[in-house]
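A quick write-up on the structure given underneath.
The values are calculated or read from the model by the stated rules, or taken from the named source; none is laboratory data. Computed from a prediction, not measured in an experiment: that's the story for all the values here. Note that we place each Cβ from the backbone using ideal geometry, even for glycine, and neighbour counts take in every protein chain shown. Only protein heavy atoms, including side chains, enter the accessible area calculation; ligands, DNA and RNA are left aside. Shrake-Rupley method; radii C 1.70, N 1.55, O 1.52, S 1.80 Å.
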Amino acid sequence: MVIVMKPDASAADIAAVVGRVEESGAEAFVSRGVMRTIIGLVGDVAMLHGLNLRALPGVADVHRITAPYKLVSRENHPKRSTVWVGGVGTRAPIGPGSFTLIAGPCAVETHQQTLQAAQLAKAAGATLLRGGAFKPRTSPYAFQGLGVEGLKILGEVRATIGLPVVTEIVDAHDIDVVAEHADMLQVGTRNMANFALLQAVGEAGKPVLLKRGMQATIEEWLMAAEYIAQRGNLDVVLCERGIRTFENSTRNTLDISAVPVVQTSSHLPIIVDPSHASGRRDLVVPLARAAIAVGADGVIVDVHPDPQNALCDGPQALAGDDLLELAAAIRSLAPLLGRHTAGPPT
Ligand code: PEP
Ligand code: MN
């Protein structure tokens, strides 16, 4: 941390800052310039924050120079991590050596719809099945998901298809039942800053897919991941799903630069959700190509056997030819970036 003193700070002001820092057990290094003095601090950042140095006379500014997150930071963990999801025989990696396709319906509606979506997903090379049982809908009148019934359907489809299941948790009270049925817990954009939920998934013993809050900075998102890690769970995969901007031709604005920015700051894997980022089927494949090219560790996409009649997010769901195009893009582009893919079974 660096303290910048005001140009008119007195010697007593400087001594007071140094005194408060040294009393706490940290070190202070004073550097007197022509115009102003700066003081470099070495010590525990959280403790230094607690000293409230900004409030002392003569202090102009306090700059932090290390990241406020530790466990998820790349500073302390230079090698990028791989998170494994699923049980024996179906375990799938998400991380630097591979490019992972997660696909499935936005919402679980019926057993048959989920099974058909899972078959489409698997045929396209997906190694994980997505599907929402608890749906966080903007409107209270919209389909809210089947809840526990939906979790059971996901469990049955997993048994038939053999893909580990990723599903969203919206309420910390549901943690036991969701963790019992899911292989990976999804925290959605609307809950990224629900700290009680983050702590609950941190203790649930399952990998977590943490979507970026639609209004969250990358630092806030990584702090949310730190909440999960701090409860003992480092199996966190980040998902860029678009942010709110003034642009309204797409549902959200895909912040593609978040991928390399996160990769320089954190060791956690990061994937992209082109379906929720765009809200438009015609943009899903182009944005997935961008995700591969920018170095993402995978994509998560909505798939539905009958998008016209989907109860949730039909306009962005892939089916048929679009899905084949996505599979072809992953198969041809990901290896150019040094990524292994599961590849569609032939
Ligand atoms: C979803 O993946 O079904 C979902 C609701 O996404 P998001 O939280 O990104 O809106
Ligand atoms: Mn959706």
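Some notes on this structure:
- The stretch 90-143: proportion of alpha-carbon pairs further apart than 13 angstrom, %: 63 percent
- Percentage relative contact order, the stretch 58-154, counting C-alpha pairs under 8 Å, at least six apart: 21 percent
- For the pair the stretch 281-346 and the stretch 190-239, the centres of their Cα atoms are 25 angstrom apart.
- Here the contact order of the chain, divided by its residue count and restricted to Cα pairs under 8 Å and six or more residues apart, works out to 17 percent.
- Here the peptides 175-188, 255-268, 75-88 are ranked by packing, the mean other Cβ count within 10 Å, and the order with the highest first is 175-188, 255-268, 75-88.
- Those lysines that a straight Cα-Cα span of less than 21 Å connects to LYS135, excepting residues fewer than 8 apart in one chain: LYS152, LYS206, LYS211
- Estimated FRET transfer efficiency (ARG64, ARG331; beta-carbon r; R0 41 Å; 0.05): 0.40
- Candidates TYR141, TYR69, TYR227, ranked by Gaussian network fluctuation over the chain, Cα under 10 Å, top entry: TYR141
- Portion, in percent, of the accessible area of the stretch 83-337 that falls on carbon or sulfur, probe 1.4 Å: 54 percent
- Comparing GLY132, GLY205, GLY40 in a Gaussian network model of the chain (Cα springs below 10 Å), the most mobile by mean-square fluctuation is GLY40.
- Computed FRET value (nearest 0.05) for ARG137 with ARG231, which takes r as the C-beta separation and R₀ as 45 Å: 0.95
- Note on ALA196 and THR110: the model spin-label points, each 7 Å out from Cα along the C-beta direction, lie 3.7 nm apart.
- Applying 1/(1 + (r/R0)^6) with r as the Cβ-Cβ distance of THR250 and ALA11 and R0 = 45 angstrom yields a FRET efficiency of 0.20.
- Dipole-positive endmost among ILE94, ILE169, LEU324 within the stretch 83-337 (Cβ charges, Cα centre): LEU324
- Which of ALA334, ASN191, ASN248, positive extreme of dipole for the stretch 83-337 (C-beta unit charges): ALA334
- Protection-proxy order for peptides 32-39, 273-280, 192-199, each taking the mean of Cβ atoms within 10 Å per residue, highest first: 273-280, 192-199, 32-39
- Cut-off 10 Å between beta-carbons: net charge of the residues surrounding PRO269, Lys and Arg +1, Asp and Glu -1: -1
- Against the criterion of solvent-accessible heavy-atom surface with a 1.4 angstrom probe, GLU247, GLU203 sort, most first, into GLU203, GLU247.
- Take the Kirkwood radius over Cα pairs of the chain, plug it into Stokes-Einstein at 10 °C and 1.306 mPa s, and you get 74 µm²/s for translational diffusion.
- Averaged over its residues, the stretch 1-78 has an accessible area of 58 Å² per residue, based on protein heavy atoms and a 1.4 Å probe.
- Of the peptides 330-336, 58-64, 7-13, 211-217, the ranking by mean beta-carbon count within 10 Å, highest at the top, reads 211-217, 330-336, 58-64, 7-13.
- Cα centre as origin, Lys/Arg/Asp/Glu Cβ charges: the chain dipole, Debye: 520 debye
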